[in-house]
Structure formats: C-alpha cells, structure tokens
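Asks: Once you've had a glance at the structure underneath, I'll fire off some questions.
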Amino acid sequence: MMPIALNLVLVSTPIGHLGSGRGGGVELTLCSLVEGLNAMGNQLTVVAPEGSVLPAVASGVEIKHVSGVDQPSWQHAGDKDPAVIPFNGVLPRLWEEALELGKSADAVLNFSYDWLPLWLTPRVEPSVFHLISMGGVAAIMNDLIADVASWDQRRLSFHTFRQASDFSLVQPPTVVGNGFDLANYEFQRTNEGPLGWAGRVAPEKGLEDAVAAAAALGDQLIVWGLIEDPGYASEVESTVPSGTIDWRGFLPNEKYRRELSQCRALLNTPKWNEAYGNVVVEALACGVPVVAFDRGGPGEIIDSGVTGWLVPPDDVGALTAACTRISQIKRLDCRRWAEEWASQEVFAKRVDAWIRSGINSLDGTIS
Ligand code: UDP
C-alpha cells in the first residue's frame, strides 16, 4: 500500500538562484529531490530566490519566489567567523515565507547551510529538517548543528559518513547520499578521451594538484566549473606549461554532462572534507572512472580498483601514477554503481523515509 503523501515545503539555497551555479551541488540535489519526491506522489512547494527555475518534469510543483540580496557562502569561512545576514538579505525572507507555508505542511526541508534555519528549528512550530550540505567549516555552525542534534537529531541528515564525522552528534548519523536522474547521463564505452576535472574553481577544490598530474603526464586537462576565485585560477595556470588547462567555464548541466561523458577519467582532488562530490557520481553515471584523493565524500563513494582509484590525499605522484592505471577500470562497473546507489529514485526514497521517521516531535530541550 502506498503511504499517505507528504506535504513538504523545500527551501532552496540563499547563495544564488537555482540555475545560477552559485549554489554548487546543492542546486542539483534540490532539483533531483523535487523530481524524485514528486514522482512518489508527495505534494511539494519550493521557496527559492527570484530567478530560480525548476526542472520541467516537476509538473504540479509550486515555486514561490522571494527577492533579496544573496547570502554569503560559508565555503570560505574561517573557524571563528560570525554568522552574517546582509541588508535586504534573501535568507530571512525565504524563512518568513517557508514558516508561513510550513504551518499547513508536514515538514519544511532546508537546503541552505546557514545559521538562521538551524537556530529556528527548535523554536518554531513547523517541523524543520536539514539536509546538511557541507562539512564543518566554522565553530558557530558546528556548535549549532551539535545543539540541534542533541535536541532531536532526527531532524538532520548528511550526504556521507565522512562529512557527518565533522560534527558532534548524539547518535550515528542519518546518511542519505545523493541522487541523479540517470536517464540524463549517457553511458559512454570509449576510454580514449581526455582527462577532466570539474567543480568550482576555488582553493578548497585543489585544482592545482590535478593540473600538476596532467602536466607530469604531458597531458591536457579539461576544466569545467564556475571560476569563483580568478586570482587562484591564474595562479594555478602559471604553475604548468601553457595549454595544459582547457578552460570550458560553467556550462549548462546538459552540455557539461555530454562533454564529461567523453573523458577517459575524471580527477577529483579536494583539499577540504567534501560533503559528497556530485561531479564524482555524475562521472560514474556516464561510465567515467574517477581518480581521487582519499578524502571526504569521494573517498567514501569510490570503490578503489572497481570504479576508479583512490590515492593518499595531496599526493600528486600517486595521483599521476593512478592515471596510468585507468584502463584497468571497467566503465560498466562505474555506471552500475551509480544505478544501485545514486539514482534519483533511491535518493528520494531515503529522504522520504528519513522525514517520515522524524515527523513526530520529541520533548527534548536544547543542550
Ligand atoms: N556543474 C555544471 N556545469 C559545469 C560544471 C559543474 O552544471 O560546467 C555542476 C555539476 O553538475 C555539479 C555541481 O556543478 O552538480 C558541482 O557540485 P559539487 O558537489 O561537485 O561541488 P560544490 O560546488 O557543491 O562544492
């Protein structure tokens, strides 16, 4: 028997509108979940910054647009940085709308990694749930996540165990992974293509190590992604022979996927505790093996020797050597992993089950 449909309010990232690329992997996560939860028969309303667009297939899903100034990201925060909200900020407005809608919904699901929604959680009537999208970056956020966990940890879920290990939790974490509409990712058998790298071009993504490995092989590296830090991008470029990097910029997702699928491998070289690593799974979905540092989400996702190679973090020599073993990986095994663990359907089921299990409130108090 189908369980009774949930009425859910999904609150998008305040960093940029959906489709801008500024929200990074969160944009894709939210769109995937909108499609997956909608297909399960749940009733959804999305609250998102002005300009946001939902996937065309999410018919019947209402979107409420809210205007205001983008929220700064925590991605580059220092440990002691404060929480800030800009004048005319979009974040409080998103929550004003979401909490109003939440009065008649079963739950409000938050996608923004920010202080305000977490702080509100034990203090408001609607049941607010958080899919935490990053590892620990600043003490004020870590403390608040620990507070919510000790109040009612059922309201929190994470993409990977490695990400969750950054936080002080009272129980083992609920890990939901991530999910993709795999029909959008075409499996490519060819293993003769170029090496690729994808992500925001910013220091925590460690592009310099992937570029150094490509240069050591006398190869070229195709780079897709938003150049968040132009100074860093030109610094990386200056370390290798000219022409090593083929900059493609931030492409619309469909075009990016098509180009990515032609690669013989994707390199993934995070310097931070990457929460998940959408680009890793998108590559696997196309049959592209991934050579990565054994750190954060990618280190948990990649089955070394089966779907790619994991090497010690920051070890460019090992990364370079692993690139010479790419042909040992069967591209079909990469696709199969994505089908089993990271489809939109399995992800939506995990999130649906998590929310259902946490809907009844406990009598906890904030620590
Ligand atoms: N992406 C894209 N076009 C590009 C490069 C990247 O649409 O040219 C998307 C990619 O599909 C992925 C996201 O950008 O979903 C990056 O997410 P990831 O989790 O890897 O990193 P984040 O930026 O969230 O730290």
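No lab work stands behind these numbers, since they all come straight from the coordinates. What you see is a predicted model; the values in this text were computed from it and never measured. Here the Cβ is made from the backbone with ideal geometry for all residues, glycine too, and neighbour counts use every protein chain on show.
Asks: Need one number: convex hull volume per residue for segment 1-153, Cα atoms only, in Å³.
Replies: 113
Asks: Go ahead and collect, in residue order, the members of segment 83-99 whose backbone nitrogen is under 18 Å from a label point 7 Å along the Cα-Cβ direction of His65.
Replies: 89-91, 93-95, 97-98
Asks: Sticking with this structure for a sec: Would you kindly state how much longer the chain becomes between Arg336 and Val53 on full extension, computed as 0.36 nm times their sequence separation minus their alpha carbon distance, in nm to one decimal?
Replies: 98.8 nm is the gain from fully extending Arg336 to Val53.
Asks: Treating only the Cβ of Lys, Arg, Asp and Glu as charged (+1, +1, -1, -1), what charge dipole size does the chain show about its Cα centre? Round to the nearest 20 debye.
Replies: 660
Asks: Only loop residues by DSSP count here, and only those with at most 15 other Cβ atoms within 10 Å; note down the chymotrypsin sites (Phe, Trp or Tyr not before Pro) in segment 35-98 that meet that.
Replies: Qualifying residues, ordered by number: Phe87.
Asks: Now, a different point. Between their Cα atoms, which of Lys255/Lys330; Lys80/Lys205; Lys255/Lys349; Lys80/Lys255 are more than 31 Å away from each other?
Replies: Violating the 31 Å limit, Cα to Cα: Lys80/Lys255.
Asks: Right, something else. Could you give the C-alpha radius of gyration of segment 157-213 expressed as a fraction of 2.2 N^0.38 Å, taking N as the number of residues it contains?
Replies: 1.64
Asks: Considering only Phe180, Thr190, Gln153, whose Cα is most displaced toward the positive end of the charge dipole of the chain, charges sitting on Cβ of Lys, Arg (+1) and Asp, Glu (-1)?
Replies: Going by the Cα projections, it comes out as Thr190.
Asks: For segment 164-207 and segment 133-162, write down the distance between their C-alpha centroids in whole Å.
Replies: 20
Asks: Per DSSP helix of 4 or more residues, -39500 (n - 2.57); summed, then divided by the residues of the chain. What does that give at 222 nm, rounded to the nearest 500?
Replies: Helix contribution divided over all residues of the chain: -10000 deg cm²/dmol.
Asks: Semi-axes of the equivalent ellipsoid for segment 71-163, please: Cα gyration tensor eigenvalues, times 5, square-rooted, ordered largest first, whole Å.
Replies: Working through the eigenvalues yields semi-axes of 21, 17, 11 Å.
Asks: Still on this structure, please answer the following. Figure the gain on full extension for Asp79 and Leu226 (residue separation times 0.36 nm, minus the Cα-Cα span) and round it to one decimal in nm.
Replies: 50.4 nm
Asks: Starting from 0 in steps of 10 Å, tell me what percent of the Cα-Cα pairs of the chain lands in each bin.
Replies: 5, 25, 34, 24, 10, 2, 0
Asks: Then there's this: Which one of Ser168, Ala138, Ser234 has its Cα pushed farthest toward the positive end of the charge dipole of the chain, where Lys and Arg give +1 and Asp and Glu give -1 at the Cβ?
Replies: Ser168
Asks: Continuing with the same structure: Quick one: compute the contact order of the chain, relative version, from alpha carbon pairs under 8 angstrom and 6+ residues apart, as a percent.
Replies: 16
Asks: Right, next: Hey, got the dipole for segment 241-289? About the Cα centre, +1 on K and R Cβ, -1 on D and E Cβ, debye to the nearest 20?
Replies: The dipole magnitude comes to about 60 debye.
Asks: Normalised by the number of residues in segment 137-244, what is the relative contact order in percent for Cα pairs under 8 Å and 6+ residues apart?
Replies: Value for segment 137-244: 20 percent.
Asks: Please give the per residue volume of the convex hull enclosing the alpha carbon atoms of segment 1-54, rounded to a whole number of Å³.
Replies: 63
Asks: To the nearest 10 degrees, how steeply does helix 331-341 sit against the main Cα axis of the chain, on a 0 to 90 scale?
Replies: Helix 331-341 sits at roughly 10 degrees to that axis.
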